[in-house]
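Trainee: First the structure, which I've put down as structure tokens, then a few questions once you've had a look.
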Amino acid sequence: MSLYKLADGILETHVTWRDVEEKLQKKFGTKAAFGEKKTARNISDLKGFMSKIALIEPNWQNIENDKILPNKFAVKISSQLPFLEYSKVLKITDENGYDDQKLTFLGKILREAHNREVETYKLLERFNHPDVPYTKIYAMKSFSDESDLKGYILMKYIPDIHITSMSEHISADDLIPVIRGVATFAALGHNLSDSEKQFVLGPEFLEYYFNTFLDPTSLESTFEHLRVAFSFLESSETDKLFKIYRHYIQNVNKFTRISDLVGLPLIFNHGDLWQSNILYKTENRGKLKLKAIIDWQALSLLPPGFDMARLFMGSLSPEDRRQRTSELLMIYHETFTQSLGMELFSHQEIIDSYNLHFPLMSLMVLPGLTPFLDASHLYEPEKSEVREKTKRNMQAIIEDVFEKHEYNMENYADFMKK
């Protein structure tokens, strides 16, 4: 049995109804049981590739008079099944897909990521800071070893969430609470002892990511897929972009040593900060209210601009990104400095960190945008609108990659040498 094979549990995973029922019975001190009319609905499509999320309606039976039990809750189940589907859509492998050895290795990575998220939620509950909203956790189960097939998190369900996808933008003003949230969490985590940070990934994050998910074979498949997707560009632009990518990938080991080589401090970064990992509710006049930042599997010690490069590229319109990045990075800097009680890095240093990471982060973002060029899940005229909007967004990201690369070559010549 493995995490990449279909099973007979919830959403075809190895986690069973009984597993979840027993966890909640223990959490709430009840003997009430799920009824026969219990349901599980997949609410995780297009929201990541390391887990399945089910909305559970348990249909409780025989509830004791003094008990108040959730009539709905979410269960996040770590699974390789979404990744296999994701890799097919993005064509990041050849027609043979991944062999069992590679999938077994990825299973090890997935278990580590899940356990890292469990430990992060313990920190979030410990800090319990009003500026760092997170989902209420009922119970969690870590993976005990490499043969364990059941890792999951039971959490409060937040209804009426404003759904966003990679084809939609979030206004700069609505993004500010997210920026303050991750900056505050980074500051709170900075003073933890080394032993308390042991579960966190280190500055090897990018090296680790590319070696794991974009090895040479997968990278070439990704380039082939992107070349087809970029048919609306001049071929010279695509060639220039891929040349820049190869330059950074050859230097990716330097990013692991970026603190020593450039002097940028290492702080907590969410590691995977994009639309689907930010939960909003819609208030009056369409303003968004941040309810929770989720999916903390990639928590890492990285320079301060890392999260912001991923977040701004994936969430902001090209206009907001180009006009307001300096302002938003200043908000991050000020929030972190105030929360920590001292200045650890300057505004210029977070700008430089943002610029240095932008090209590599774009290689994580652009493949995820390609399905919206087809927009097969939509009908006209919305399909055409999404296609054109995606093309403009991709074009702007690529132009910004060129600009950031020039900045990096001029200001960090030694670091950028191959």
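Trainee: Within the group 302, 373, which residue is touching a helix residue (DSSP H, G or I) at 6+ places or on another chain (Cβ under 8 Å) and at pLDDT below 95? Lay out the reasoning, then the answer.
Mentor: Values: 302 fails: at pLDDT below 95.
Exactly one residue qualifies, and that residue is 373.
Trainee: Same structure again: Pick from the range 376-394 the residues that are of a type in the set (S, T, N, Q) and part of a helix (DSSP H, G or I): which of them is surrounded by the fewest Cβ atoms within 10 Å (Cβ to Cβ)? Reasoning before the result, please.
Mentor: Step one: list which residues in the range 376-394 are of a type in the set (S, T, N, Q), which gives 376, 384, 390, 393.
With part of a helix (DSSP H, G or I) added as a condition, the list becomes 384, 390, 393.
Numbers: 384: 11, 390: 21, 393: 23.
Going through the qualifying residues, I end up with 384.
Trainee: Give 370, 390, 325 a once-over and let me know the one that is under 21 Å from the mean Cα position of the chain (by Cα), within 20 Å of residue 168 (Cβ to Cβ) and without any contact (Cβ under 8 Å) to a residue 40 or more places away in the chain.
Mentor: Working: 370 fails: without any contact (Cβ under 8 Å) to a residue 40 or more places away in the chain; 390 fails: without any contact (Cβ under 8 Å) to a residue 40 or more places away in the chain.
One residue alone meets the criteria, 325.
Trainee: Are any residues in the range 149-167 assigned to a loop (DSSP other than H, G, I, E, B) and not aliphatic (A, V, I, L, M), and if so, which ones? Full working, then the answer.
Mentor: Taking the range 149-167 and keeping what is assigned to a loop (DSSP other than H, G, I, E, B), we get 149-151, 157-161, 163-167.
The answer is 150, 151, 157, 159, 160, 164, 165, 167.
Trainee: Suppose the filter is over 29 Å from residue 137 (Cβ atoms), of a type outside the set (A, V, I, L, M) and buried (at least 18 other Cβ atoms within 10 Å of the Cβ); does residue 333 pass it?
Mentor: On the way: over 29 Å from residue 137 (Cβ atoms): yes; of a type outside the set (A, V, I, L, M): yes; buried (at least 18 other Cβ atoms within 10 Å of the Cβ): yes.
For residue 333, the condition - over 29 Å from residue 137 (Cβ atoms), of a type outside the set (A, V, I, L, M) and buried (at least 18 other Cβ atoms within 10 Å of the Cβ) - is met.
Trainee: Would it be correct to say that residue 280 is in contact with a strand residue (DSSP E or B) (Cβ under 8 Å, 6 or more places away or on another chain), closer than 21 Å to residue 172 by Cβ and assigned by TED's automatic domain parsing to the domain that holds residue 209? I'd like the intermediate steps shown before the answer.
Mentor: Values: in contact with a strand residue (DSSP E or B) (Cβ under 8 Å, 6 or more places away or on another chain): yes; closer than 21 Å to residue 172 by Cβ: yes; assigned by TED's automatic domain parsing to the domain that holds residue 209: yes.
Yes, satisfied.
Trainee: Separate question: Considering the range 159-171 alone, what residues qualify as being closer than 30 Å to residue 68 by Cβ and within 19 Å of the chain's Cα centre (by Cα)?
Mentor: Filtering the range 159-171 for residues closer than 30 Å to residue 68 by Cβ gives 159-163.
Selection gives 161, 162, 163.
Trainee: Given the condition assigned to a helix (DSSP H, G or I) and modelled with pLDDT under 95, answer yes or no: does some residue in the range 260-275 qualify? Spell out how you get there, then give the answer.
Mentor: Quick first cut of the range 260-275, residues assigned to a helix (DSSP H, G or I) only: 260-262, 275.
Remaining after also requiring modelled with pLDDT under 95: 275.
Yes: the range 260-275 contains one or more residues that are assigned to a helix (DSSP H, G or I) and modelled with pLDDT under 95.
Trainee: Looking at the range 149-161 only, could you name the residues that are out of contact with any Phe, Trp or Tyr (no Cβ under 8 Å at 6 or more places or on another chain), surrounded by 15 or more Cβ atoms within 10 Å (Cβ to Cβ) and either modelled with pLDDT under 95 or within 14 Å of residue 72 (Cα to Cα) (or both)?
Mentor: Within the range 149-161, 158 is the sole residue that qualifies.
Trainee: Identify, from the list 372, 402, the residue that is buried (at least 21 other Cβ atoms within 10 Å of the Cβ) and farther than 22 Å from residue 261 by Cβ. Lay out the reasoning, then the answer.
Mentor: Details: 402 fails: buried (at least 21 other Cβ atoms within 10 Å of the Cβ).
Residue meeting the stated conditions: 372.
Trainee: Same structure again: For the structure I just gave you, tell me whether residue 92 is at pLDDT below 90, of a type in the set (Val, Ile, Thr) and not in a helix (DSSP H, G or I). If you could, list the steps in order and put the result at the bottom.
Mentor: Numbers: at pLDDT below 90: yes; of a type in the set (Val, Ile, Thr): yes; not in a helix (DSSP H, G or I): yes.
Taking the combined requirement at face value, the residue satisfies it.
Trainee: Name every residue in the range 214-239 that is touching a residue at least 24 places away in the same chain (Cβ under 8 Å) and in a loop (DSSP other than H, G, I, E, B), in order of residue number.
Mentor: Matches in the range 214-239: 214, 233.
Trainee: Mind listing whichever residues of the range 250-287 are β-branched (Val, Ile, Thr), surrounded by fewer than 19 Cβ atoms within 10 Å (Cβ to Cβ) and over 26 Å from residue 344 (Cα atoms)? Outline the logic, then answer.
Mentor: Going through the range 250-287, the residues β-branched (Val, Ile, Thr) turn out to be 252, 256, 258, 262, 267, 278, 282.
If we keep only those that are surrounded by fewer than 19 Cβ atoms within 10 Å (Cβ to Cβ) too, we end up with 252, 256, 262, 282.
Of everything in the range 250-287, just one residue is β-branched (Val, Ile, Thr), surrounded by fewer than 19 Cβ atoms within 10 Å (Cβ to Cβ) and over 26 Å from residue 344 (Cα atoms), namely 282.
Trainee: Taking the conditions exactly as written (within 22 Å of residue 185 (Cβ to Cβ), in contact with a helix residue (DSSP H, G or I) (Cβ under 9 Å, 6 or more places away or on another chain) and either at pLDDT 95 or above or not assigned by TED's automatic domain parsing to the domain that holds residue 18 (or both)), does residue 127 satisfy them or not? Give the steps one after another, and end with the answer.
Mentor: Numbers: within 22 Å of residue 185 (Cβ to Cβ): yes; in contact with a helix residue (DSSP H, G or I) (Cβ under 9 Å, 6 or more places away or on another chain): yes; either at pLDDT 95 or above or not assigned by TED's automatic domain parsing to the domain that holds residue 18 (or both): yes.
Considered against the rule, which asks whether it is within 22 Å of residue 185 (Cβ to Cβ), in contact with a helix residue (DSSP H, G or I) (Cβ under 9 Å, 6 or more places away or on another chain) and either at pLDDT 95 or above or not assigned by TED's automatic domain parsing to the domain that holds residue 18 (or both), residue 127 comes out as yes.
Trainee: Which residue out of 312, 255, 242 is in contact with a Phe, Trp or Tyr (Cβ under 7 Å, 6 or more places away or on another chain) and in a helix (DSSP H, G or I)?
Mentor: Details: 312 fails: in contact with a Phe, Trp or Tyr (Cβ under 7 Å, 6 or more places away or on another chain); 255 fails: in contact with a Phe, Trp or Tyr (Cβ under 7 Å, 6 or more places away or on another chain).
Criteria check complete, one pass: 242.
Trainee: Keeping to the range 13-51, report how many residues are among the charged types (D, E, K, R), under 27 Å from the mean Cα position of the chain (by Cα) and at pLDDT 95 or above. Steps first, please.
Mentor: So in the range 13-51, the residues among the charged types (D, E, K, R) come out as 18-19, 21-23, 26-27, 31, 36-38, 41, 45, 47.
Among the residues that remain, those that are also under 27 Å from the mean Cα position of the chain (by Cα) are: 19, 23, 41, 45, 47.
The next check asks that each one be at pLDDT 95 or above; those that pass are 19, 23, 41.
Total satisfying the criteria: 3.
The values are calculated or read from the model by the stated rules, or taken from the named source; none is laboratory data. Treat the numbers as computed from the prediction; the structure is a model and nothing was measured. Positions of Cβ are backbone-derived with ideal geometry, glycine not excepted, and every protein chain shown enters the neighbour counts.
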